[in-house]
Amino acid sequence: MSIAEAASPDAERLEQFVFRAVDEVGATLNAALVVMGDRLGLYRALAGAGALTAAELAARTGTAERYVREWLNAQAAGGYVAYHAADGRYSLPPEQTVALTDEHSPAYLPGFFQIALGSVLDSPRITDAVRSGDGVGWHEHNHDVHDGCERFFRPSYNAHLIGSWLPALDGVVEQLERGARVADVGCGHGASTILMAQAFPRSTFVGSDYHAASIDVARVRARTEGVEDRVSFEVAPAGAYSGGDYDLVTMFDCLHDMGDPVGAARHVRATLAPQGTWMVVEPAAGDRVEDNLNPIGRAYYGFSTLLCTPASLSQYVGLALGAQAGPALIERVITDAGFDHVRRAAQTPFHLVFEARP
Ligand SMILES: C[S@@+](CC[C@H](N)C(=O)[O-])C[C@H]1O[C@@H](n2cnc3c(N)ncnc32)[C@H](O)[C@@H]1O
């Protein structure tokens, strides 16, 4: 067989690939449709309502029937909504009801779609950056990236942070129960900070992030949740947040976004109490590219191309670890900054949790 013959496409495999792409184009458009359904209250109106016609759903949500009918058909074709052909009605199956309307469930999805759609909307800017090599900062993105980020991560933190991640760290829960000083660095809208503050009323928390608009939201959240007496927020880069002698420093899904993660890690080392702990939560990944060639790795490499890598490249040093850096690289950042002890304390399909000690 010649090289030309060996390289010629197989017609059947080509057809399969094209059909797979049809599904993916539908999925790409569905990101906008899910955000629309979430924003207009369409899923919430369907939840537990039995089977509705498009006109009934439109009337319940104050929307236009013709659009709602088209949206419902797209949702039914994708398996998000069930269509009852006998009477032309639509319903939301129980599993979809949880995933699309229950923001307390770890399976809650609208935030995932919101950050994905926000990232896609900003992609022309990233396309230019790929040409120039310039970075694009977290603060330069549209609000759906910031809001979607909070809504995407919060269900995981609700499910794991208090019940399993903190208990996996040596002696940390006992310290928090007695009353500890905690710095939550790169805290975004403060979801993790507030959750910890609610669970440990004797401890005090300082959340920080370089993005001023995120810190404004975090302050509002702390007031709404009634924890502002023990939680403060400041605008500060990870390499220069205030205070010291912290019993616990946390970083949730942000170390790899930083331009100078080793510099940030050195600041953590300098601001920790001698017996203090640094908890680092990073996206789940293996060390080798081939370990990450799966649906979760695909989503994270996508976010990494559109959000994380440009964010890091926009900052001093621009190390650009990427969202799929993997445990070996993360542990190297930690030890390069002078931490003698680091171990992987917990993991979920989406997250790795590291414990570091001086
Ligand atoms: C993916 S978001 C995670 C936010 C939050 N920790 C959460 O879990 O919801 C990454 C955060 O890192 C912040 N960030 C990036 N580089 C930073 C730096 N050098 N110093 C402080 N914050 C930084 C961004 O502003 C953003 O809020």
inquiry  = For the condition closer than 24 Å to SER164 by Cβ, more than 16 Å from the ligand (Cβ to nearest atom) and at pLDDT 95 or above, what is the one hit in ARG344, ARG332?
reply    = ARG344
key: Any pair with Cβ under 8 angstrom, 6 or more apart, that starts in region 152-170 at a residue that is closer than 11 Å to THR348 by Cα and open to solvent by 50 Å² or more (accessible area, probe 1.4 Å) and ends at one that is within 12 Å of the ligand (Cβ to nearest atom) and modelled with pLDDT of 95 or more   = HIS160/HIS351
note = If we keep only residues of region 207-220 that are away from the ligand (no atom under 11 Å from the Cβ) and out of contact with any Phe, Trp or Tyr (no Cβ under 7 Å at 6 or more places or on another chain), then the residue nearest to HIS141 (Cα to Cα) is ASP216
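Which one of these is closer than 23 Å to VAL25 by Cα and open to solvent by less than 20 Å² (accessible area, probe 1.4 Å): GLY79, GLY41, GLY137, GLY118?
The unique qualifying residue is GLY118.
Looking at region 227-234, can you tell me whether even one residue there is within 29 Å of GLU174 (Cβ to Cβ), hydrophobic (A, V, I, L, M, F, W, C) and within 13 Å of the ligand (Cβ to nearest atom)?
Looking for residues that are within 29 Å of GLU174 (Cβ to Cβ), hydrophobic (A, V, I, L, M, F, W, C) and within 13 Å of the ligand (Cβ to nearest atom), one finds at least one in region 227-234, hence yes.
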task = Can you tell me which residue within region 219-239, out of those that are of a type in the set (Gly, Ala, Ser), in contact with a helix residue (DSSP H, G or I) (Cβ under 7 Å, 6 or more places away or on another chain) and more than 19 Å from GLY179 (Cα to Cα), is surrounded by the fewest Cβ atoms within 10 Å (Cβ to Cβ)?
result = GLY239
ask   = Among the residues of region 116-172, how many are of a type in the set (Ser, Thr, Tyr) and more than 26 Å from PHE200 (Cα to Cα)?
value = 4
query = Looking at this structure, is ALA213 touching a helix residue (DSSP H, G or I) at 6+ places or on another chain (Cβ under 9 Å), buried (at least 21 other Cβ atoms within 10 Å of the Cβ) and at negative phi?
reply = no
query = Out of all the residues in region 200-210, is one or more at pLDDT 95 or above, open to solvent by 10 Å² or more (accessible area, probe 1.4 Å) and under 14 Å from ASP253 (Cβ atoms)?
reply = yes
Residues of region 312-357 that turn out to be in contact with a strand residue (DSSP E or B) (Cβ under 9 Å, 6 or more places away or on another chain), assigned to a helix (DSSP H, G or I), crowded, with 22+ Cβ neighbours inside 10 Å and not aliphatic (A, V, I, L, M), as a count = 0
task = Among the helices (runs of 4 or more DSSP H) lying completely within region 51-134, list those that include at least 1 residues that are of a type outside the set (Val, Ile, Thr) and in contact (Cβ under 8 Å) with a residue 60 or more places away in the chain.
result = 94-101, 110-121, 123-132
query = If only one of ALA183, ALA168 is within 12 Å of the ligand (Cβ to nearest atom), under 17 Å from VAL249 (Cβ atoms) and touching a strand residue (DSSP E or B) at 6+ places or on another chain (Cβ under 9 Å), which one is it?
reply = ALA183
task = Would you mind stating whether GLY244 is of a type outside the set (A, V, I, L, M), out of contact with any Pro (no Cβ under 6 Å at 6 or more places or on another chain) and surrounded by 17 or more Cβ atoms within 10 Å (Cβ to Cβ)?
result = no
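Give the number of residues within region 249-300 that are assigned to a loop (DSSP other than H, G, I, E, B), within 16 Å of the ligand (Cβ to nearest atom) and either among the hydrophobic types (A, V, I, L, M, F, W, C) or within 16 Å of the chain's Cα centre (by Cα) (or both).
The number of residues fulfilling the criteria is 5.
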key: Enumerated strands (runs of 3 or more DSSP E) restricted to region 150-247, each holding at least 3 residues that are within 19 Å of the chain's Cα centre (by Cα)   = 204-209
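Taking the condition open to solvent by 20 Å² or more (accessible area, probe 1.4 Å) and among the hydroxyl-bearing types (Ser, Thr, Tyr), does THR277 pass?
Working: open to solvent by 20 Å² or more (accessible area, probe 1.4 Å): no; among the hydroxyl-bearing types (Ser, Thr, Tyr): yes.
No: the conditions fail for THR277.
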note = With criteria (1) surrounded by fewer than 16 Cβ atoms within 10 Å (Cβ to Cβ); (2) over 27 Å from TYR210 (Cα atoms), ALA299 comes up short on (2)
inquiry  = Would you confirm whether or not region 9-23 contains a residue that is open to solvent by less than 70 Å² (accessible area, probe 1.4 Å), under 30 Å from ARG298 (Cα atoms) and in contact with a helix residue (DSSP H, G or I) (Cβ under 8 Å, 6 or more places away or on another chain)?
reply    = no
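The values are calculated or read from the model by the stated rules, or taken from the named source; none is laboratory data. Just so it is clear, the model here is predicted, and its values are computed rather than measured. With ideal geometry, Cβ positions are generated from the backbone for all residues, glycine too; neighbour counts draw on all protein chains shown. Surface accessibility is based on the protein's heavy atoms, side chains included, excluding ligands, DNA and RNA. Shrake-Rupley method; radii C 1.70, N 1.55, O 1.52, S 1.80 Å.
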